[in-house]
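Undergrad: Sending over a structure as structure tokens; questions will come in a sec.
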Amino acid sequence: MSDRRDKINYYLDIAETVLERGTCIRRKFGALIVKNDEIISTGYVGAPRGRANCTDLGYCTREKLNIPKGQRYELCRSVHAEANAIISASRRDMMGATIYLACHDGKTGELDGKVEPCSMCKRLIINAGITTVIIRNTKDTFTTIDVNNWVENDDSIEGTQGY
């Protein structure tokens, strides 16, 4: 019997290494887009090129304003890991691909396996043609999401009757 790492956790290990470049004070995310066993691109959380990162400034605007996680991302100075990975790849290469995600708490450095892409990143993933999202829960376990479920269960139209 071999101690060889299974392929999904291998890719999640790489995503977890990518997150080490993140500059968000709250959360460090790493994203890895893979298709046909080839890494297409990577992404981590950080301010747009040329702008100061939260780690450089020493504060997070959303944290200063006591904004709960998952809300008011327009006040965040960072580009999310999923978005950075998507903008670094061509759509042709992402069609049918899988995106692997890992997250660490920015303060403790501990793995945070109870995460999911925000609504904007979900839209980007859908439009990129990525078909599967795999999120690390623990060092050896993960959650697999079929992106078609996000399309079929459109959470962006809840409460919009009377448009």
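Undergrad: Among the listed residues Thr17, Thr55, Thr42, Thr61, which satisfies the condition of being closer than 18 Å to Leu124 by Cβ and either among the hydroxyl-bearing types (Ser, Thr, Tyr) or open to solvent by 50 Å² or more (accessible area, probe 1.4 Å) (or both)?
TA: Matching residue, one of Thr17, Thr55, Thr42, Thr61: Thr42.
Undergrad: Checking the conditions here, which among Val133, Val151 is hydrophobic (A, V, I, L, M, F, W, C) and part of a helix (DSSP H, G or I)?
TA: That would be Val151, the only listed residue that is hydrophobic (A, V, I, L, M, F, W, C) and part of a helix (DSSP H, G or I).
Undergrad: Going through Pro117, Pro68 one at a time, which residue ends up being part of a loop (DSSP other than H, G, I, E, B) and out of contact with any strand residue (DSSP E or B) (no Cβ under 8 Å at 6 or more places or on another chain)?
TA: After applying the criteria, what remains is Pro68.
Undergrad: Among the numbered criteria (1) modelled with pLDDT under 95; (2) exposed (fewer than 12 other Cβ atoms within 10 Å of the Cβ); (3) not in a loop (DSSP other than H, G, I, E, B), which one does Asn127 miss?
TA: The number of the failed condition is (1).
Undergrad: Next up: Could you list, in sequence order, the residues of region 27-52 that are in a loop (DSSP other than H, G, I, E, B) and closer than 16 Å to Lys107 by Cβ?
TA: Val45 - this is the single residue of region 27-52 that is in a loop (DSSP other than H, G, I, E, B) and closer than 16 Å to Lys107 by Cβ.
Undergrad: Considering (1) over 12 Å from the mean Cα position of the chain (by Cα); (2) modelled with pLDDT under 95; (3) at negative phi, say which one Lys28 fails and leave the rest.
TA: Result: Lys28 passes all but (1).
The values are calculated or read from the model by the stated rules, or taken from the named source; none is laboratory data. Everything numeric here is computed off the predicted structure, so don't read it as measured data. Note that each Cβ is placed from the backbone with ideal geometry, even for glycine, and that neighbours are counted across all protein chains shown. Heads up: the accessible areas ignore ligands, DNA and RNA and are worked out on the full protein's heavy atoms, side chains in. Shrake-Rupley method; radii C 1.70, N 1.55, O 1.52, S 1.80 Å.
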